[in-house]
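The values are calculated or read from the model by the stated rules, or taken from the named source; none is laboratory data. Remember, predicted model here, so these are calculated numbers, not experimental data. As a convention, Cβ positions derive from the backbone with ideal geometry for all residues, glycine included, and neighbour counts pool all protein chains shown.
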Amino acid sequence: MIRVFLIGLFAAFAASVNATNLLAQQASAAASPIRVFIDCQYDGCDFDFFRTEIPFVDYVRNRQDAALNVFITRQRTAAGGNAFTLNFIGQKQLAGTVDTMLLSTPQAATEDEIRRGLARTIKLGLVRYVARSPLAERLQVTLLPAASSVAGPAARSADDGWNFWVFRTRANGFFNGEKSQRFADLSGSVSANRTTDAWKLNLSLNGNYGEGKFTFSNGTKFANYSHSYGINELVVRSLTPHWSAGQRASVSSSTFLNQKLAARFAPAVEYNVFPYSESTRRQLTFLYTAGVTSFTYEDTTIFDKLSEVRPHHSLTSSLGLKQPWGSVSTSLEAASYLDDFSKRRIVMFNSLDVRVFKGLSINLFSEAALVRDQLHLVKGKLSDEDILLRQRQLATSYRYFASLGVTYTFGSALNNVVNTRFDGPSGFR
């Protein structure tokens, strides 16, 4: 009897200790900073800057360890700027709470201005959660005077003297050399775009020139040259939240493709299973085009043609997902010439970055193509120089590339410390 009593007393004591420890752990968790995981789908996110500018939360390496997941996505605006969407998704003790914040930055914004804007928006989004935590007594909210505000609201269309038109010019030069070889590549473009909720208009002109010069061991010199240019036009009309219609047109020239001149025109229609307004998080589109292309070749093709006109059509299905567990981008395109269905092409593209479970992530980047539509191939045998230097496109029935990576991280869940020692650039290696 005494033995049973002692066992019961010990069990009651153990339960009391466990309950006390559990309450202490819960109290400690409640009093500690909110654990936050920042999941940024924008390559320019500066996580060290976020840690130094927002020190009142605990940053964790894995989404599963966080009480709050800050999910950041970005889209380009018509003016060339950025439109960020920040989703605050509660987990664990914050489960069921969801908030959304928006941030727009102009095309001329520097990296520092963008990261400061993101840090400020993250702070604003965290206010709700900090205000309901024990840290609330240390929270202060300050509204800057109007004269000191960083930026006012976007100008309304009535004040837009450009009527939504945005013009861009670009010029690039790349040079590389050693004792026995040197390369130069020059490119440039001019574009004019007008984007509203109802219409999307794009016009662009681009050109590229490249050369390579080599000196062989016997003193022989060899040089190769290539060029391409193109004019592209796109008109799209928004019909409904799911439907749009438009047309594409282009004129181009390429020594690589043996095309002195290629002119294309193709009306198109697209359906999005999800509303276009949700495109920052998910979209599933089906795009059908049908048109005509006129070719003028530099050299006679394997089909004994110097010029031809071909009707064509294509169907492209694209899926894009950006979720807290990762991102997926995949597309499948099938195209053929309407006067000869044997001249066809099927292309599948995949980009995958998924967190399988805590600490383990997988990324995949691949493309595979079945090629049966190389009308432009030059008749006759190519020189060794053309083959080695890729001066002309080679005959093939397929193409593929793939990149696969696996990352596993383990250890301390917290990563609040910023230490940039020895992080500077190292120059040539």
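Do the conditions hold for residue 261, that is, is it exposed (fewer than 15 other Cβ atoms within 10 Å of the Cβ), closer than 21 Å to residue 238 by Cβ and out of contact with any Asp or Glu (no Cβ under 8 Å at 6 or more places or on another chain)? Step through it out loud before you land on a result.
Working: exposed (fewer than 15 other Cβ atoms within 10 Å of the Cβ): yes; closer than 21 Å to residue 238 by Cβ: no; out of contact with any Asp or Glu (no Cβ under 8 Å at 6 or more places or on another chain): yes.
So residue 261 does not fit the description; no.
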ask   = Here are some conditions: (1) crowded, with 17+ Cβ neighbours inside 10 Å; (2) farther than 25 Å from residue 322 by Cα. Residue 132 meets all but one. Which one does it not meet?
value = (1)
task = Consider residue 419 carefully, then state whether it is surrounded by fewer than 11 Cβ atoms within 10 Å (Cβ to Cβ), modelled with pLDDT under 85, polar (S, T, N, Q) and not assigned by TED's automatic domain parsing to the domain that holds residue 252.
result = yes
request  = Would you check if residue 277 is touching a Ser or Thr at 6+ places or on another chain (Cβ under 9 Å) and either touching a residue at least 12 places away in the same chain (Cβ under 8 Å) or not assigned by TED's automatic domain parsing to the domain that holds residue 332 (or both)?
outcome  = no
note = Within segment 278-309, of all residues that are of a type in the set (Gly, Ala, Ser) and within 24 Å of residue 203 (Cα to Cα), the one surrounded by the most Cβ atoms within 10 Å (Cβ to Cβ) is 291
task = Identify the single condition in (1) surrounded by 10 or more Cβ atoms within 10 Å (Cβ to Cβ); (2) modelled with pLDDT under 90 that residue 148 does not satisfy, given that it satisfies every other one.
result = (1)
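Run down 265, 286, 303, 349 and say which single residue is among the hydrophobic types (A, V, I, L, M, F, W, C) and in contact (Cβ under 8 Å) with a residue 40 or more places away in the chain.
Within the list 265, 286, 303, 349, the selection yields 303.
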query = What pairs can you find where one residue is in segment 196-207 and among the charged types (D, E, K, R), the other is part of a strand (DSSP E or B) and surrounded by 13 or more Cβ atoms within 10 Å (Cβ to Cβ), and their Cβ atoms are less than 6 Å apart, with a gap of 6+ or different chains?
reply = 200/236
task = Take segment 268-277 and flag every residue that is exposed (fewer than 14 other Cβ atoms within 10 Å of the Cβ) and in a strand (DSSP E or B).
result = none
key: Filter result (at negative phi and not in a strand (DSSP E or B)) within segment 286-342   = 298, 299, 300, 302, 303, 305, 306, 324, 325, 338, 339
Pairs with Cβ under 7 Å, 6+ apart, first in segment 113-130 and at pLDDT 85 or above and β-branched (Val, Ile, Thr), second buried (at least 17 other Cβ atoms within 10 Å of the Cβ) and assigned to a helix (DSSP H, G or I) = 122/50
query = Which residues, taken from segment 78-107, are over 27 Å from residue 167 (Cβ atoms) and of a type outside the set (Val, Ile, Thr)?
reply = 86, 87, 88, 90, 91, 92, 93, 94, 95, 96, 99, 101
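One line per residue, one yes/no per condition, for (1) assigned by TED's automatic domain parsing to the domain that holds residue 309; (2) touching a Lys or Arg at 6+ places or on another chain (Cβ under 8 Å); (3) surrounded by 14 or more Cβ atoms within 10 Å (Cβ to Cβ):
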position: 196; (1), (2), (3): yes, no, no
position: 207; (1), (2), (3): yes, no, yes
position: 216; (1), (2), (3): yes, no, no
position: 219; (1), (2), (3): yes, no, no
position: 230; (1), (2), (3): yes, no, yes
position: 266; (1), (2), (3): yes, yes, yes
